[in-house]
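Working notes, structure below.
The values are calculated or read from the model by the stated rules, or taken from the named source; none is laboratory data. Model, not experiment: these values are computed from the prediction. Methodologically, a virtual Cβ is constructed for each residue, glycine included, from the backbone with ideal geometry; neighbour enumeration extends over all protein chains shown.
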């Protein structure tokens, strides 16, 4: 009889535990109530700090039902991204002290949540935990993608949940992938800008490729060079870029000059980490020296034909009758020390054997030559670019034009 009792005890205990697992009243419900992707200073472990535009911040938590699902941003090839998640349950205080959660991914997800212990403080009804997305990483190239998380609880108070308790799905969580930490004036990237930069530079894995794609897209964005206004700036001065207005005019035929487009390339490129600086060549402030020489043949943004005289007749065969720039602005990078390369969305310039496009001895006063080989300056060595852009005959230059690099400006 004693042996029978001993053998019955484990059986009765198992029956008791099974009954306890099924005793949730009302039926157990656990919900994900919020997810914060950018919750720490910096971006070593979590998402980047971003904003929509100059006046609108991205609210946190980024995912907060029923209506908030804000975008986020990561740098390429980042793994083990941390997120901060809050939960609640319907069993009342004292009923659940801890649980084990996990999450699978859907779409272009940067990782999944492996089984992780989550404690409900004082056995209350709400809990928050810092969880890690493992087993994956962000893309190794510029992208704008989305992913979902499918949430499950596998244990509650040491009781296995078989089948796992589904908490539902969060997302789709839209995220931008940048090449590197964004730089000024986009050290806090605008999503209004990323919506363009990440499309123009999609799938680019290097700053060189992304910079070239952005420059080409801006050159073909619909703007027209201000010929009648003498090349005046339309979107702010050297210290400021009226970015909001510029964004609203993308795709239009509004007028621009080189300063507008130089700031645009710098801004849209630096939003994804291209490390551009704004440069000026020529007279921009008292005491600086202008560009004295006339232009060689160029194809300004939005113009139908090449010209060496943008502020007068389209094409002239006499050097002495041509107009020129008092200054020129463009974006540039320094991938190697003292080696500066130009990205210019204002114009294409002539790469054939005669960019001057006039025959005869200097100054050229002969007949106009035919044919052009126009190319957009993207990753072109600064010195060679300037020599082809401006007629280099020495008599034109009274003083060497002033060159200034890394000119800072703000955006609004």
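The set of residues from region 148-166 being surrounded by fewer than 20 Cβ atoms within 10 Å (Cβ to Cβ) and closer than 23 Å to residue 62 by Cβ comprises 148, 150, 152, 166. What about residue 141, is it assigned to a loop (DSSP other than H, G, I, E, B), outside the structural domain of residue 314 (by TED's automatic domain parsing), modelled with pLDDT of 95 or more and buried (at least 16 other Cβ atoms within 10 Å of the Cβ)? Yes.
Of the helices (runs of 4 or more DSSP H) contained entirely in region 189-270, those carrying at least 2 residues that are without any contact (Cβ under 8 Å) to a residue 40 or more places away in the chain and under 15 Å from residue 344 (Cα atoms) fall at 207-219.
Checked against (1) buried (at least 22 other Cβ atoms within 10 Å of the Cβ); (2) under 17 Å from residue 332 (Cβ atoms), residue 284 passes all but a single condition, namely (1). Residues in region 328-342: is at least one assigned to a loop (DSSP other than H, G, I, E, B) and touching a residue at least 24 places away in the same chain (Cβ under 8 Å)? No - not one qualifying residue is present in region 328-342.
Within region 232-242, one or more residues are at pLDDT 95 or above and within 19 Å of the chain's Cα centre (by Cα).
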